[in-house]
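Structure first, commentary second.
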Amino acid sequence: MKAITDVGEIKKIFIGALAYLENKKEEVNNLNVFPVPDGDTGTNMYLTMHSAIKTIEESEPKNFTEFAEALSKGALLGARGNSGVILSQIFRGISVGMHGKGAVDGAVLSECFKIGTEIAYKAVKKPVKGTILTVMDGISEGAEEALKKKNDMYFVLEQSINAGQIALDETPNLLPVLKEAGVVDAGGYGLLIILEGMYKTAMGQSLVVDTQDIVIDSPIVDQTYHNIDDIKYTYCTEFIILDPKVDNEILRNKLDDPDIGDSLVTIVAEGIAKVHIHSNVPGKVLDYALSVGNVTNIKIENMKEQFLAKSKKIEKKPIKFKDYGFVMVVPGIGLADIAKSMGVDAVLDGGQTMNPSTHDIQQAIDAVPAKVVYVFPNNKNIILSAEQTIALNNYKKIVVVPSVNIQQGFTSILAFNEEKNSRENLLLMKEAFNTVDTGAITYAVRDTKNNGLKIKKDQILAIRGNSIIAAKNTIDEAVDEYLKQAYDDNEIMTIYYGDKVSEAEANKLKERIESKYKDLDVLVYEGKQPVYFYFLSLE
């Protein structure tokens, strides 16, 4: 019987799996069924697993139980997107199966996969065949069959991967949209990459990426100050840059400047950079970061305030909780301003290209001093992450309003009635979804087939609801097709224009639509959203 008896070995295997996923995550992203520039399944799974590994590194587990607890906690808090949430639930099942064990043999691994499958299914309200769950079924069944032959951890893992591959190859036959696009399920492929990374590492293959790989990054410990005058730079600033355009040397040389700050730590691995710096000009630091990539996980703390608070020199006043509050995920600065004007207490930057994690959403909820907090994900790939926060709160009631786009979010919040209870308001807001027809205009990133359409790279796509309805050569043609299919004697059309569209262009579109649809009142707002030229709504 071959088994892992050293917790350090199991940690090494999971770290290797993350490194392998890092190398392959763009392959996973490219399997996105929609040919729009928002494929992020691989990135979501990578960041979810990275959070798990980071938590394991910080906790320094001494046995399998401690490892299991850190794995589950880190994955849950870092879960991003549907694929990330499901992966976190699979890890939770692995954690349950590993808990209390002194070794991981074939029987334990098979049990881990079995429980992981069961818990993952429970996380999805309406499981669909042909997804990551189907692949997990194959993995679990493969492990069970392998165990009948021999109780060998490595053999069971190998056979599980083989069975999972068969299940993955079958996904296009189970889900027509995959077959039409000519791809397999992205989440299932990502899951197999993780297991393959585990197996390759277990077999002795080195999968560490770069000399200072972010997957084994130790937590940054800020220095202790004994006097407030010792704090030369006030703001402890941390963030992550996704797909940075510069390497670690360039990034460090740019920020390693006494005019900017000190205590600089930069780590760049393929596809991600982590930055920590003490600075008096965090805005200047972030401006540079935004010029070289997409920025997320921003944390800025005033160290002087922290010092005084610890020294009991600040009298903390009790926070008065109001009856209700709102958290909303928005994909653009202009849309964030609109949300705030509608009474939203906390706004999270995120959307198709960057799904906030469960931890990000939890932090936003914590920042709202309310007994009941309504969360608007505004994206179908963020709903599961938002729902995970419900179990993490024991002093606030969390109500997740399952809005799938920003237009639904804005419409549903207008339906809120403070005289109703949370259950009644949730029903009112969900009913409001039906009062608005939503559209979006973007571009294709590859040739493919979808919804019966032959789509060419760089064509302009018209999306209605969750379906691509047209592939055109110009933005105007795509907008016209949306109106042709969606307009039904509506009274109001709202246009939110993105960061690649000028105000003049948006107003020209408004005038053209109003000249054609005489009874339609067109409203134009600056959304500043990336990826999408326009978000549209009719009501």
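The values are calculated or read from the model by the stated rules, or taken from the named source; none is laboratory data. Just so it is clear, the structure is predicted and the values come from calculations on it, not from any experiment. Cβ: placed from backbone, ideal geometry, glycine included. Neighbour counts: every protein chain shown.
Would you mind stating whether Q485 is touching a residue at least 60 places away in the same chain (Cβ under 8 Å) and within 25 Å of T448 (Cβ to Cβ)?
Spelling it out, it is not the case that Q485 is touching a residue at least 60 places away in the same chain (Cβ under 8 Å) and within 25 Å of T448 (Cβ to Cβ).
Is it the case that some residue within region 297-308 is at pLDDT 75 or above and of a type in the set (V, I, T)? Within region 297-308, one or more residues are at pLDDT 75 or above and of a type in the set (V, I, T).
Residues considered: K457, K508. Of these, the only one that is surrounded by fewer than 17 Cβ atoms within 10 Å (Cβ to Cβ), within 27 Å of the chain's Cα centre (by Cα), over 17 Å from S403 (Cβ atoms) and of a type in the set (K, R) is K457.
Counting the residues of region 157-209 that are free of Cβ contacts under 8 Å to residues at least 24 places away in the same chain and assigned to a helix (DSSP H, G or I) gives 5. Of K73, K12, K24, all but one fail to be over 18 Å from the mean Cα position of the chain (by Cα), surrounded by fewer than 22 Cβ atoms within 10 Å (Cβ to Cβ), touching a residue at least 12 places away in the same chain (Cβ under 8 Å) and in the same structural domain as V96 (by TED's automatic domain parsing); the exception is K12. For A386, the criteria (1) outside any strand (DSSP E or B); (2) more than 30 Å from P172 (Cα to Cα); (3) in contact with a strand residue (DSSP E or B) (Cβ under 8 Å, 6 or more places away or on another chain); (4) of a type in the set (A, V, I, L, M) hold in every case but one, which is (2). With the structure loaded, tell me whether T171 is surrounded by 22 or more Cβ atoms within 10 Å (Cβ to Cβ), under 24 Å from A3 (Cα atoms) and not aliphatic (A, V, I, L, M) or whether it fails that test. No. The residues of region 28-57 that are at pLDDT 85 or above, more than 17 Å from the chain's Cα centre (by Cα) and not β-branched (V, I, T) amount to a single one, E57.
For region 58-66, the condition holds for at least one residue, the condition being that it is at pLDDT below 90, surrounded by fewer than 22 Cβ atoms within 10 Å (Cβ to Cβ) and either of a type outside the set (F, W, Y) or not assigned by TED's automatic domain parsing to the domain that holds E196 (or both). Among residues of region 339-398 being acidic (D, E) and either at pLDDT 85 or above or surrounded by fewer than 18 Cβ atoms within 10 Å (Cβ to Cβ) (or both), the one that is nearest to V327 (Cα to Cα) is D345.
Of the conditions (1) closer than 22 Å to S403 by Cβ; (2) crowded, with 17+ Cβ neighbours inside 10 Å, L483 clears all except one; give me its number. So L483 meets the others, but not (1). Residue count for region 55-70 under the criterion of being out of contact with any helix residue (DSSP H, G or I) (no Cβ under 6 Å at 6 or more places or on another chain), touching a residue at least 40 places away in the same chain (Cβ under 8 Å) and part of a helix (DSSP H, G or I): the result is 3. Quick check on region 319-327. Is at least one of its residues farther than 23 Å from Y534 by Cα, part of a helix (DSSP H, G or I), more than 23 Å from the chain's Cα centre (by Cα) and modelled with pLDDT under 80? Among the residues of region 319-327, not one is farther than 23 Å from Y534 by Cα, part of a helix (DSSP H, G or I), more than 23 Å from the chain's Cα centre (by Cα) and modelled with pLDDT under 80, which makes the answer no. Total residues in region 489-539 satisfying the condition of being without any contact (Cβ under 8 Å) to a residue 12 or more places away in the chain and not charged (D, E, K, R): the figure is 3.
When the residues of region 481-529 are filtered to those that are touching a Lys or Arg at 6+ places or on another chain (Cβ under 8 Å) and part of a loop (DSSP other than H, G, I, E, B), the one that is modelled with the lowest pLDDT is D499.
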